[in-house]
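Undergrad: Please find one structure pasted underneath; my questions will follow.
The values are calculated or read from the model by the stated rules, or taken from the named source; none is laboratory data. For clarity, every value in this text was computed on a predicted model and none was experimentally measured. No Cβ is skipped: glycine too gets one built from the backbone with ideal geometry, and neighbour counts run over all protein chains shown. Remember, those area values only see protein heavy atoms, side chains included, never the ligands or the DNA or RNA. Shrake-Rupley method; radii C 1.70, N 1.55, O 1.52, S 1.80 Å.
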Amino acid sequence: MNLAPNIDLFPILAAVLAAFCCGLLGNYLVLRRLSLMGDAMSHSVLPGLVIAFMLTGSRAAPVMFLGALMAGITTVVLVELIKRLGRVEPGAAMGVVFSVLFALGVLLIERVARNTDLDADCVLHGQLESLFWPDGPARWLDVLHPATLAAVPPQVWTLAITCAVSFVFVLVLYKELRMAAFDPALATAQGFHASILHYALMVLVAGATVAAFEAVGSILVIAMLIVPAAIARLLTDRMPTQLLLSTTIAVVAAVMGYLGSIALPSAMDKPQVNAAGSIAIALGVLFFVAMLFGPRDGVLATAIRRFYLTRRIALDDLLAALYRHEEGSPITSRFAPKVYARARRSGLVMPGQDTLTEAGRQRAAELIRRHRLWETYLVHRAGISADHAHEPAEHLEHLAEPLPSGGPQHDPHGKAIPPGVE
Amino acid sequence: MTTSVVHTSRRPSSLAERPEHSADSPLSIHAMTVAYQRKPVLWDVDYDAPPRALVAIVGPNGAGKSTLIKAALGLVPRATGLVEFWGVPFKHVRERVAYVPQRESVDWTFPVSALDVVCMGRYRRIGWFRPVGQAHKRAAMACLDRVGLADLAHRQISQLSGGQQQRVFLARALAQEADLYIMDEPFAGVDAATERTIVQLLKDLRDAGKSAIVVHHDLQTVTQYFDHALLLNMRVVAAGPVEQVFTPDNLQKTYGGRLTLLSEAAEAVARAGINVR
């Protein structure tokens, strides 16, 4: 795969800038559970574009940007109004607003702009490919020439400015935005009006949506607003890390997706595919990977934790059964040979026989103590009858609570509670 | 301690002729009506909170207890009425009033630590745009220590128990170093240790000359924990020192018709009879 600046420089730059500002602002949508807002914005800018064109007859970038921005702000205001007056949940309010506005945009394009090159397809899929720079240099080193600056397409400028504004906004208002997102009531009571911050943020989201979608299309804008933030949510519990991760992921996915749209088809001797689409798919793949391998709630991490917990409980239950056997009760449950084997390997059960070692007896005594203390508690404090206390105590004994010393000497069945070790 | 029983039977005077109230009262509410979607939730509320006292707001579900607080703080719009804190509008004394919302009102999976949340109590002092400095972090840490959570400061808040989360909220209010603490159901669903911590904290605050107004749902403990009570059911049923207003008659008026609650109330009054100093 060969990248040449005259072909790939500006598309990559546009994708990266769009990814950065959407990935950054999207965090606040995801954290405030307003993910659908990205969807709403990116769809409802369409009528804004068409109306701006109808009013001015121009397709110049500033006109389009303003029209779309007005539409974005209208969306925010309409959603708030419908939420308040229509008594519907936020998701429904956003769904109503953006679908109606989008439909209006489609109708207007058909009626008014039939003979122009406003095209619903471009709106959805974007036109990264239109940013090619036919007269540009063919070598990457020549890009550093000052003349390059003059050749930067307006879409890339708009994106760069939006990125800068978003970055400064989030940096300067970091603590205010965080409080307003976490606890709007407290923020407002303290004089940091949550609704004003919300509107400011939404205006920026509208700006970012508009700036980005001219280059990458509305589908990718939705993906970039939501998916990087959602991925970061799976990977961290810290706000700064969340912001850093989501922007990094967005940028990486943009580059990965763009390169993939060239490299993968060419490896199979097919023509290049739509870059925006492959970036969105790259984001989807990253999300899937994070879902499987996330450190905290990842599918794999959960499975591993569950595996070790099951193993520990089986071992604990075996030790407890052997302890009770020493007290004279028969062993009623059957334990897999591998549980015995593990207990012997850990030096808790004597090799070759079914008796506890000293270490094993100590651990079993602690466990039995937990069990019988819980039984005592359940019977005397929680009012559970003595013959029903064993089952819940069987679960509770495995909790890693600190073990109290002292206390009763006998459980409700009259069995001795092993003394606590100091 | 100065006390005053508000006579709610009289029609509230119009705002023009209302008597100048004491600038000593941490919260004065005059003729406040609040409506959601044109359905009134609070009707003509008149109330003056006594200074340096612990006040319980008591009433059945839907009585408008939380709404009273939120409307006073300007978090929900008031249809009519005037609210003043120490004789001036809220916006001039924001830093003197700490608000503890209901625990369920926020998303506890939010990516912040306990210390981050407590630091939010100091944002007003820090001001717009400035980052949270070390001195403020130390102050927040001291507040976490006061509620016994210093060693959990860096835990993400979803890893705390319900009681611990409530204590984080209290620590955040303490971090504000306010003079009036307005709390919405701080005792709801907390463990015994947290309940003791909150009660002790409230007493400490009062001993330090501060006031607290607390929405409280447990009639059994009103007389034990609080000096004053505001019995509310859309209107103010009665307000004043607990031993004067916490009567079967008033409770009947507040909870009227709700039989199970009524018997609970009767029981509470019986207990109160034993506890009266």
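Undergrad: Go through the residues of region A:266-275 one by one and say whether even a single one is in a helix (DSSP H, G or I), under 30 Å from the mean Cα position of the chain (by Cα) and assigned by TED's automatic domain parsing to the domain that holds A:Leu220. Spell out the reasoning first.
TA: Step one: list which residues in region A:266-275 are in a helix (DSSP H, G or I), which gives A:266-267, A:275.
Now drop any that are not under 30 Å from the mean Cα position of the chain (by Cα), which leaves A:275.
Within this subset, residues satisfying the condition of being assigned by TED's automatic domain parsing to the domain that holds A:Leu220 are A:275.
Yes - at least one qualifying residue is present in region A:266-275.
Undergrad: Any idea which of (1) open to solvent by less than 20 Å² (accessible area, probe 1.4 Å); (2) within 21 Å of the chain's Cα centre (by Cα) is the one A:Val252 doesn't satisfy?
TA: (1)
Undergrad: State which residue pairs qualify: first residue under 16 Å from A:Glu327 (Cβ atoms) and at pLDDT 85 or above and inside region A:345-357, second residue open to solvent by 80 Å² or more (accessible area, probe 1.4 Å) and part of a helix (DSSP H, G or I) in any location, beta carbons under 8 Å apart, and separation of 6 or more residues or different chains.
TA: Every condition considered, the pairs that remain are A:Thr355/A:Glu326; A:Leu356/A:Glu326.
Undergrad: What's the number of the only condition in (1) at pLDDT below 85; (2) among the polar types (S, T, N, Q); (3) touching a helix residue (DSSP H, G or I) at 6+ places or on another chain (Cβ under 7 Å) that A:Asn27 fails to meet?
TA: Answer for A:Asn27: the failing condition is (1).
Undergrad: Give B:Asp184, B:Asp249 a once-over and let me know the one that is open to solvent by 20 Å² or more (accessible area, probe 1.4 Å) and of a type in the set (D, E, K, R). Write out each step before concluding.
TA: On the way: B:Asp184 fails: open to solvent by 20 Å² or more (accessible area, probe 1.4 Å).
Answer to the selection: B:Asp249.
Undergrad: Out of (1) at positive phi; (2) open to solvent by 10 Å² or more (accessible area, probe 1.4 Å), the odd one out for A:Ile219 is which?
TA: Condition not satisfied by A:Ile219: (1).
Undergrad: Would you check if A:Ala164 is part of a helix (DSSP H, G or I) and surrounded by 15 or more Cβ atoms within 10 Å (Cβ to Cβ)? Can you show your working first?
TA: Working: part of a helix (DSSP H, G or I): yes; surrounded by 15 or more Cβ atoms within 10 Å (Cβ to Cβ): no.
When the stated conditions are applied, A:Ala164 does not pass them.
Undergrad: Looking at A:Leu245, A:Leu186, A:Leu225, A:Leu234 in this structure, which one is open to solvent by 20 Å² or more (accessible area, probe 1.4 Å), of a type outside the set (Phe, Trp, Tyr) and out of contact with any Asp or Glu (no Cβ under 7 Å at 6 or more places or on another chain)?
TA: On inspection, the qualifying residue turns out to be A:Leu245.
Undergrad: Same structure, new question: Within the bounds of region A:49-61, is there any residue that is open to solvent by 10 Å² or more (accessible area, probe 1.4 Å), farther than 23 Å from A:Gly126 by Cβ, modelled with pLDDT of 85 or more and of a type in the set (A, V, I, L, M, F, W, C)?
TA: yes
Undergrad: Also, I was wondering about something else. Do you know which of the residues in region B:74-93 that are over 15 Å from the mean Cα position of the chain (by Cα) and within 12 Å of chain A (Cβ to nearest Cβ) is most open to solvent (accessible area, probe 1.4 Å)?
TA: Restricting to residues being over 15 Å from the mean Cα position of the chain (by Cα) and within 12 Å of chain A (Cβ to nearest Cβ), the top hit is B:Lys91.
Undergrad: Consider A:Ala314 carefully, then state whether it is modelled with pLDDT under 90 and under 42 Å from the mean Cα position of the chain (by Cα).
TA: Values: modelled with pLDDT under 90: no; under 42 Å from the mean Cα position of the chain (by Cα): yes.
For A:Ala314, the condition - modelled with pLDDT under 90 and under 42 Å from the mean Cα position of the chain (by Cα) - is not met.
Conditions (1) within 18 Å of A:Gly23 (Cα to Cα); (2) without any contact (Cβ under 8 Å) to a residue 60 or more places away in the chain; (3) of a type in the set (A, V, I, L, M, F, W, C), marked per residue:
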| site | (1), (2), (3) |
| --- | --- |
| A:Met256 | yes, yes, yes |
| A:Ile262 | no, no, yes |
| A:Ser266 | no, no, no |
| A:Asp269 | no, yes, no |
| A:Ala275 | yes, no, yes |
| A:Ala290 | yes, yes, yes |
| A:Val299 | no, yes, yes |
| A:Ala303 | no, yes, yes |
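Undergrad: Oh, and also: Condition test on B:Ala71, is it closer than 25 Å to B:Phe169 by Cα, open to solvent by less than 10 Å² (accessible area, probe 1.4 Å) and not in a loop (DSSP other than H, G, I, E, B)?
TA: Numbers: closer than 25 Å to B:Phe169 by Cα: yes; open to solvent by less than 10 Å² (accessible area, probe 1.4 Å): yes; not in a loop (DSSP other than H, G, I, E, B): yes.
Spelling it out, B:Ala71 is indeed closer than 25 Å to B:Phe169 by Cα, open to solvent by less than 10 Å² (accessible area, probe 1.4 Å) and not in a loop (DSSP other than H, G, I, E, B).
Undergrad: Of all residues in region B:43-65 being open to solvent by 30 Å² or more (accessible area, probe 1.4 Å) and out of contact with any Ser or Thr (no Cβ under 8 Å at 6 or more places or on another chain), which is farthest from the other protein chains (Cβ to nearest Cβ)?
TA: Across region B:43-65, the extreme among qualifying residues is B:Asn61.
Undergrad: Of everything in region A:336-352, what is in contact with a Leu (Cβ under 7 Å, 6 or more places away or on another chain) and in a loop (DSSP other than H, G, I, E, B)? Give them in sequence order.
TA: Passing the criteria: only A:Leu348.
Undergrad: Among the residues that make up region A:364-386, is at least one of them acidic (Asp, Glu) and without any contact (Cβ under 8 Å) to a residue 12 or more places away in the chain? Give the steps one after another, and end with the answer.
TA: Taking region A:364-386 as the starting set, the residues that turn out to be acidic (Asp, Glu) are A:366, A:375.
Narrowing further to those that are without any contact (Cβ under 8 Å) to a residue 12 or more places away in the chain: none.
So far as region A:364-386 goes, no, none of its residues is acidic (Asp, Glu) and without any contact (Cβ under 8 Å) to a residue 12 or more places away in the chain.
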